[in-house]
Amino acid sequence: MSAATPRQLPTVMDVLATLAEHGAAQRLDELLADARTLGATPRQIQELEQATLLGTSVLDRFALAQERETTLVSLVDTCRDLAEAMAEGVQATLRTATQRARRLLRADLAYLGLHEQADGPLTVVASEGDATAFNIGLRITGPAGLGRAALDKGAPFSTPDYLADRSIDHSEEIDRVVRAEGVRAVVAVPLQGPGGVSGALYGAHREVRRFTAQEISSLSTLATLAATTLGTARLMESLGAQKAELERDGAQAWSIVGAHRRMEAAYDHLLTLVHDGSPLDAITEVAATALGGALAVRELGGELLAAHGRLPEYEDEILTQRSLDAMAAGEPVPLDDGAWVAPVTGGGDPLGTVLFLPDTPFIGQRGPRPLRVAVRAIALSLQRDRNRALAEGRTRDDLFEALLAPDSMGLAWWQLEEQAARLGIAAGTPYVVVVARPEGGSLRRATAWAASYAHRKSGLKSVRDECLSLLLPGDDAAAAARAAHKELSPLLDVPVTVGAAGPRTGLPEVARLHDDAQRCLTALTELGNQGGVATPEELGFLGVLLADVLSVPSYVESVLGPVLAHDEQRYTEFARTLEVYFASRSSPRRAARVLHIHPNTVARRLDRITELLGDDWQSPERALEIQLALRLHRTRGTLLGRLPRTARGQADSGSS
């Protein structure tokens, strides 16, 4: 058995060999210990100590260089990751920056805060490694925290133990989050980009430790890269949004150009339709198709003249207000849902409005040009119809004047009835008369409106003493008066006082209805109710009292007409029964004793009177009207009975 090889004394060459092999510093310490064990001389030990010290320094430099190389590699990877994230947007860039910061420092937590203004609050917008939900959205105000110090000084700040460091400005809100996350060591570096400092990047450990200069320098470099990339990402998002907006505007512009071209092509077709006398419905359909949407033509009062396509149901008040706005502006005005209201005018006078809902919303606040082109064609059609109505209206006006003053025309009633039949005025149809007096405004415009309105309603019109008179088919004078008032008053933008009477049948009744309507107008004026609307039924005996010429027969007829007609045609005594009934304090038994008939007979008569006058004839207001009419009827009959027959006839004709 051979003897063991004796251990050799370590030398400087052994130190160099260890360095060549990238050995650890511990191996150098072992060489020095071996030399002392093997009995090296003091000189040898001194030389070996110097070599070991130099070797340790070399190893430290190797380690530092390796760490820097690793950091550089990590920063290169960070640049690549940030570049990829930049293409995805701002949020992806923020998320990548915090992830790379945590990896670079091998930290437990990394987060990033931004501020919109230099002295504004710092808001945490991205975090990596957090254990609670308190971090994201944290607003850091005032001088508290490391991030604010980094922003103010433009330099990094760090602490080995945040909560224990009294040199830091603390705030309860920040400390609460730090305690919740268990954070101890914190470092903050400013996000310094081309546009200045935009925020701070943080790294944190959940143990007490000091950050090395290399770590702080590396984090600062990463923060600069992140700030630059973040600015570029914001710019790319802004440019992307602008590009999308430009593309959208370009598509809409091309759509508008296409609509303009289609509308210009359709305009020739529309003009041909107008020239050929095509109805408004056909013109509306062509216009709606060319514009691409639903379209309706409405008269000034809101009545639908023609429509194509489906339009939503709008409140009358909204359409009326927007129509007035369009008339005042002289151009289309928008509704909230993308629809438009456009004024239709001809010769300076308003003719109606167009309501249009496009399939694709228009651009601009002053109204779409294609709609204006379509409105011009519709205006020509309405103007054509209006001129036709005016031309026809001269003959109709002459007829109305003849009906109002038959004796002055020298025509027999059968001649007037023939003329009326040719114009579509049936003698047996119930009619009402409406008399309107504008309290100012343009009489020419009011006259043009009256001609158009009478044509649309298949009636007649006349202008006397700055009052518009209309003979209209219908059985509700009050409704006819209010409809005319609703349309004419906004058109002239002045109050319009309206009186109406009817219904009656037979052409000889027209003059009487006109007188009754005129008296209602006079009564409204005497009452100081200019701009109001009234009928004889609504005014009651006030109309008789306030009118310049008392129309007792008209008033009696309006209150008791059905009862008097029944008495005359069937030889009954309903009027006499009513007089006695009221005189007997509305007691059927007392009335029966006065009339010398059975109470059941009185009851049956009262039932029949209810059928003639309506269920409310015994209400206090109606009862007063009926009693006054009975008294006037009896008094008038007594007075006429005392006159000679010729004078009685003159009284009848004068009062009617």
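Taking every residue in segment 301-327 that is not assigned by TED's automatic domain parsing to the domain that holds Leu492 and pairing it with any residue that is at pLDDT 85 or above and of a type in the set (Asp, Glu), at least 6 positions away or on another chain, the pairs with Cβ-Cβ distances below 7 Å are Gly301/Glu487; Ala306/Asp281; His308/Glu285. Among the residues of segment 465-497, write down those that are surrounded by fewer than 21 Cβ atoms within 10 Å (Cβ to Cβ) and either in contact with a helix residue (DSSP H, G or I) (Cβ under 8 Å, 6 or more places away or on another chain) or not assigned by TED's automatic domain parsing to the domain that holds Thr429 (or both). Answer for segment 465-497, where residues must be surrounded by fewer than 21 Cβ atoms within 10 Å (Cβ to Cβ) and either in contact with a helix residue (DSSP H, G or I) (Cβ under 8 Å, 6 or more places away or on another chain) or not assigned by TED's automatic domain parsing to the domain that holds Thr429 (or both): Glu466, Cys467, Gly474, Ala478, Glu487, Pro490, Leu492, Pro495.
Reported count of residues in segment 580-591, each being part of a loop (DSSP other than H, G, I, E, B), of a type in the set (Gly, Ala, Ser) and more than 60 Å from the chain's Cα centre (by Cα), is 2.
If I filter segment 214-229 for residues that are outside any helix (DSSP H, G or I), over 26 Å from Met86 (Cα atoms), touching a residue at least 24 places away in the same chain (Cβ under 8 Å) and not aromatic (Phe, Trp, Tyr), do I get at least one hit? Scanning segment 214-229, I find no residue that is outside any helix (DSSP H, G or I), over 26 Å from Met86 (Cα atoms), touching a residue at least 24 places away in the same chain (Cβ under 8 Å) and not aromatic (Phe, Trp, Tyr), so the answer is no.
Yes/no per residue for (1) more than 25 Å from Arg604 (Cβ to Cβ); (2) in a helix (DSSP H, G or I); (3) at pLDDT below 90; (4) small (Gly, Ala, Ser):
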{"site": "Glu538", "(1), (2), (3), (4)": "yes, yes, yes, no"}
{"site": "Leu542", "(1), (2), (3), (4)": "yes, yes, yes, no"}
{"site": "Leu545", "(1), (2), (3), (4)": "yes, yes, yes, no"}
{"site": "Val549", "(1), (2), (3), (4)": "yes, no, yes, no"}
{"site": "Tyr555", "(1), (2), (3), (4)": "yes, yes, yes, no"}
{"site": "Val559", "(1), (2), (3), (4)": "no, yes, yes, no"}
{"site": "Leu564", "(1), (2), (3), (4)": "no, yes, no, no"}
{"site": "Leu578", "(1), (2), (3), (4)": "no, yes, no, no"}
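Might you let me know whether segment 169-177 holds any residue that is touching a residue at least 60 places away in the same chain (Cβ under 8 Å), surrounded by fewer than 18 Cβ atoms within 10 Å (Cβ to Cβ) and over 18 Å from Gly137 (Cα atoms)? Steps first, answer last, please.
To start, the set of residues in segment 169-177 that are touching a residue at least 60 places away in the same chain (Cβ under 8 Å) comprises none.
No, segment 169-177 contains no residue that is touching a residue at least 60 places away in the same chain (Cβ under 8 Å), surrounded by fewer than 18 Cβ atoms within 10 Å (Cβ to Cβ) and over 18 Å from Gly137 (Cα atoms).
Filtering segment 179-206 to residues that are surrounded by fewer than 20 Cβ atoms within 10 Å (Cβ to Cβ) and of a type in the set (A, V, I, L, M, F, W, C) leaves Ala180, Val197.
Residue-wise test of (1) in a strand (DSSP E or B); (2) of a type in the set (S, T, N, Q); (3) in contact with a helix residue (DSSP H, G or I) (Cβ under 7 Å, 6 or more places away or on another chain); (4) more than 20 Å from Gln91 (Cα to Cα).
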{"site": "Arg148", "(1), (2), (3), (4)": "no, no, no, yes"}
{"site": "Asp152", "(1), (2), (3), (4)": "no, no, no, yes"}
{"site": "Asp175", "(1), (2), (3), (4)": "no, no, no, yes"}
{"site": "Arg179", "(1), (2), (3), (4)": "no, no, no, yes"}
{"site": "Gln192", "(1), (2), (3), (4)": "yes, yes, yes, no"}
{"site": "Leu201", "(1), (2), (3), (4)": "yes, no, yes, no"}
{"site": "Glu207", "(1), (2), (3), (4)": "no, no, no, yes"}
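For Arg43, indicate whether it is in a helix (DSSP H, G or I), out of contact with any strand residue (DSSP E or B) (no Cβ under 7 Å at 6 or more places or on another chain) and at pLDDT 75 or above.
yes
For Pro503, the conditions (1) in contact with an Asp or Glu (Cβ under 7 Å, 6 or more places away or on another chain); (2) in a helix (DSSP H, G or I) all hold with the exception of (2). Of all residues in segment 396-410, those satisfying the criterion of being farther than 18 Å from Lys457 by Cα, modelled with pLDDT under 75 and part of a helix (DSSP H, G or I) are Pro406, Asp407, Ser408, Met409. Does any residue of segment 185-206 turn out to be more than 51 Å from the chain's Cα centre (by Cα) and without any contact (Cβ under 8 Å) to a residue 60 or more places away in the chain? There is at least one residue in segment 185-206 that is more than 51 Å from the chain's Cα centre (by Cα) and without any contact (Cβ under 8 Å) to a residue 60 or more places away in the chain. Among the residues in segment 165-176, are any under 17 Å from Arg102 (Cβ atoms) and assigned by TED's automatic domain parsing to the domain that holds Arg102? For segment 165-176, residues under 17 Å from Arg102 (Cβ atoms) and assigned by TED's automatic domain parsing to the domain that holds Arg102: absent.
Within segment 574-591, the set of residues being without any contact (Cβ under 8 Å) to a residue 24 or more places away in the chain, under 18 Å from Arg631 (Cα atoms) and not hydroxyl-bearing (Ser, Thr, Tyr) comprises Arg576, Val580, Ala583, Arg585, Ala591. Taking (1) of a type outside the set (S, T, N, Q); (2) over 17 Å from Val373 (Cβ atoms); (3) not assigned by TED's automatic domain parsing to the domain that holds Asp359 in turn, Leu270 satisfies each apart from (2). Of all the numbered requirements in (1) touching a residue at least 60 places away in the same chain (Cβ under 8 Å); (2) closer than 22 Å to Val177 by Cβ; (3) surrounded by fewer than 23 Cβ atoms within 10 Å (Cβ to Cβ), Met86 misses one, and that requirement is (2). Within segment 563-593, if we keep just the residues that are surrounded by 14 or more Cβ atoms within 10 Å (Cβ to Cβ) and among the aliphatic types (A, V, I, L, M), the residue that is farthest from His633 (Cα to Cα) turns out to be Ala592. When Asp336 is tested against (1) assigned to a helix (DSSP H, G or I); (2) without any contact (Cβ under 8 Å) to a residue 24 or more places away in the chain, exactly one condition is not met: (1). Is it true that Arg512 is touching a Ser or Thr at 6+ places or on another chain (Cβ under 6 Å), in a helix (DSSP H, G or I) and not aromatic (Phe, Trp, Tyr)? Yes: the conditions hold for Arg512. Of all residue pairs spaced 6 or more apart or on separate chains, those with beta-carbon atoms under 6 Å, a first member in segment 592-621 that is closer than 12 Å to Thr577 by Cβ and a second member that is of a type in the set (Ser, Thr, Tyr) and crowded, with 16+ Cβ neighbours inside 10 Å are Arg605/Thr577.
The values are calculated or read from the model by the stated rules, or taken from the named source; none is laboratory data. These numbers come from a predicted model, not from an experiment. Counting neighbours? That spans all protein chains shown, and the Cβs are built from the backbone with ideal geometry, glycine included.
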